[in-house]
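Novice: Submitted below is the structure of interest, expressed as structure tokens.
The values are calculated or read from the model by the stated rules, or taken from the named source; none is laboratory data. Not measured: the values here are computed from a predicted model. Methodologically, a virtual Cβ is constructed for each residue, glycine included, from the backbone with ideal geometry; neighbour enumeration extends over all protein chains shown.
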Amino acid sequence: MVGGSQVPNLLQPNAASTLVVSQDVDLVVPVRSHEEVREVLSRMSGYAPSPAEPSVWLPADPECLEINFIGRDPDLRESADSYVLDDARLPLLVFGLLGFLREGMTVETEGVRARLPRPAGLLAEKLLTERTGLKGERDLLVALGLLMHSSDADLNEFAELYDGLPQESQTLILSSLAVLSRLRPQSGMPDPERGRELVDVLLARLHSTP
Amino acid sequence: MTSERLHARLRQIRARAAIRAWEARQIRHARGVWFRLELLLAHSRRALAISAADAALLRADGLEPHAVGHELEPAKLIFVVSEDRVPSAISGEDVPLQDDHRLLLAPALILIPFHRE
């Protein structure tokens, strides 16, 4: 399953990929499938593990994206629960917040099929991720890209997920949305000024009142 | 090949998660006026800086300032008013909602919410 900043790109009509400029793609590996993925990688050509970052695989062709393998354990929900799955071939950082992800639609573009997560879970993950500097702002703008391509049903699913969270997590989500609403535009990212009304509508759905 | 780098990232993630949990608790414990002000701004389509005299005019018109403004130090008069209810005698000056400095320096503010049925 694809995760991270490429998801809004792939949710665009015909996977147009004009929303977010990024040099890599996150591939989410369920920990129970780790061995299968490792097997597939042993047969894959054109990519090799980065000597500096063993969960990142670099393309031989500079036109291709780097692959960042990240682990998902469906039983986790908190960032603090993250752990490292040690392995000589494919070590993984298993992110606790990726436990929110659920498999969604499959897109097919130029003969390649890619499974995407359902927007609600990825939105929760992006809004709960710790924000640090420019990377943190980019994460929030990726959340905006998801909002731009979320259906009414996706937003309902997100609101249900939100209702089931502890109060601290709910506060963090509202805080992230409030920050997102007032971000300044960044080149190669969704325009936060144009997305402000979407954020307002989502906040209203979450019954946030200042 | 070593995964020591992943372990180093894991330590950073856990440290940041602890800080973020602390921040979330502070929002509740420290009354969270900044949090509520940010939410109010997120619900606003426009912000207008107005003078103290304009604020007095709004109050004379029966409009009450929002409670969040009273919690700021110094207190600020913040009126949440739909566009069609802003008296024509008040023009105000548009302030970008990202501009914290100007928002906080304004003597008083009108916040115009996004329209919702």
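Novice: How many residues does the stretch B:60-86 contain that are in contact with a strand residue (DSSP E or B) (Cβ under 8 Å, 6 or more places away or on another chain) and either on the phi > 0 side of the Ramachandran plot or outside any loop (DSSP other than H, G, I, E, B) (or both)?
Specialist: 7
Novice: Quick one: B:His43 ticks every box in (1) within 7 Å of another protein chain (Cβ to nearest Cβ); (2) of a type outside the set (A, V, I, L, M, F, W, C); (3) loosely packed, with under 13 Cβ neighbours inside 10 Å bar one, so which box is it?
Specialist: Looking at each condition in turn, B:His43 falls short on (3).
Novice: Here is a further query. Can you give me the number of residues within the stretch A:145-159 that are without any contact (Cβ under 8 Å) to a residue 60 or more places away in the chain and either in contact with a helix residue (DSSP H, G or I) (Cβ under 9 Å, 6 or more places away or on another chain) or aliphatic (A, V, I, L, M) (or both)?
Specialist: First, the residues of the stretch A:145-159 that are without any contact (Cβ under 8 Å) to a residue 60 or more places away in the chain: A:147, A:150-159.
With the extra rule that they be either in contact with a helix residue (DSSP H, G or I) (Cβ under 9 Å, 6 or more places away or on another chain) or aliphatic (A, V, I, L, M) (or both), the set shrinks to A:147, A:150-151, A:153-159.
Selection size over the stretch A:145-159: 10.
Novice: Within the stretch A:35-52, identify whether any single residue is within 18 Å of the chain's Cα centre (by Cα) and part of a helix (DSSP H, G or I), and answer yes or no.
Specialist: Here is the first cut: in the stretch A:35-52, the ones within 18 Å of the chain's Cα centre (by Cα) are none.
Among the residues of the stretch A:35-52, not one is within 18 Å of the chain's Cα centre (by Cα) and part of a helix (DSSP H, G or I), which makes the answer no.
Novice: So, one more: For the stretch A:184-204, give me each residue that is within 29 Å of A:Gln23 (Cα to Cα), modelled with pLDDT of 95 or more and among the aliphatic types (A, V, I, L, M).
Specialist: Selection gives A:Leu198, A:Val199.
Residue-by-condition table, conditions (1) facing another protein chain (nearest Cβ under 10 Å); (2) over 20 Å from A:Lys135 (Cβ atoms); (3) in contact with a Lys or Arg (Cβ under 8 Å, 6 or more places away or on another chain):
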residue: A:Ser169; (1), (2), (3): yes, yes, no
residue: A:Leu174; (1), (2), (3): yes, yes, no
residue: A:Leu180; (1), (2), (3): yes, no, no
residue: A:Leu183; (1), (2), (3): yes, no, no
residue: A:Ser187; (1), (2), (3): no, no, no
residue: A:Asp191; (1), (2), (3): no, no, no
residue: A:Arg196; (1), (2), (3): yes, yes, yes
residue: A:Leu203; (1), (2), (3): yes, yes, no
residue: A:Leu206; (1), (2), (3): no, yes, no
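Table: residues versus (1) crowded, with 16+ Cβ neighbours inside 10 Å; (2) within 16 Å of A:Leu123 (Cα to Cα); (3) modelled with pLDDT under 85; (4) not β-branched (Val, Ile, Thr).
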{"position": "A:Val2", "(1), (2), (3), (4)": "yes, yes, no, no"}
{"position": "A:Gln6", "(1), (2), (3), (4)": "yes, yes, no, yes"}
{"position": "A:Asn9", "(1), (2), (3), (4)": "yes, yes, no, yes"}
{"position": "A:Ala16", "(1), (2), (3), (4)": "no, no, yes, yes"}
{"position": "A:Ser22", "(1), (2), (3), (4)": "yes, no, yes, yes"}
{"position": "A:Leu27", "(1), (2), (3), (4)": "yes, no, no, yes"}
{"position": "A:Arg32", "(1), (2), (3), (4)": "no, no, no, yes"}
{"position": "A:Glu35", "(1), (2), (3), (4)": "no, no, no, yes"}
{"position": "A:Glu39", "(1), (2), (3), (4)": "no, no, no, yes"}
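Novice: Still on this model: Which of the residues that make up the stretch A:82-119 are assigned to a strand (DSSP E or B), over 29 Å from B:Arg5 (Cα atoms) and without any contact (Cβ under 8 Å) to a residue 60 or more places away in the chain?
Specialist: Answer for the stretch A:82-119, where residues must be assigned to a strand (DSSP E or B), over 29 Å from B:Arg5 (Cα atoms) and without any contact (Cβ under 8 Å) to a residue 60 or more places away in the chain: A:Gly104, A:Met105, A:Thr106, A:Glu108, A:Val112, A:Arg113.
Novice: State the number of residues belonging to the stretch A:7-36 that are touching a residue at least 40 places away in the same chain (Cβ under 8 Å) and touching a Leu at 6+ places or on another chain (Cβ under 9 Å). Break it down stepwise before answering.
Specialist: Applying the first criterion (touching a residue at least 40 places away in the same chain (Cβ under 8 Å)) to the stretch A:7-36 yields A:7-12, A:14-15, A:19-31, A:34.
Okay, now just the ones that are also touching a Leu at 6+ places or on another chain (Cβ under 9 Å), so A:7-12, A:19-20, A:22-25, A:28-29, A:31, A:34.
Here the count works out to 16.
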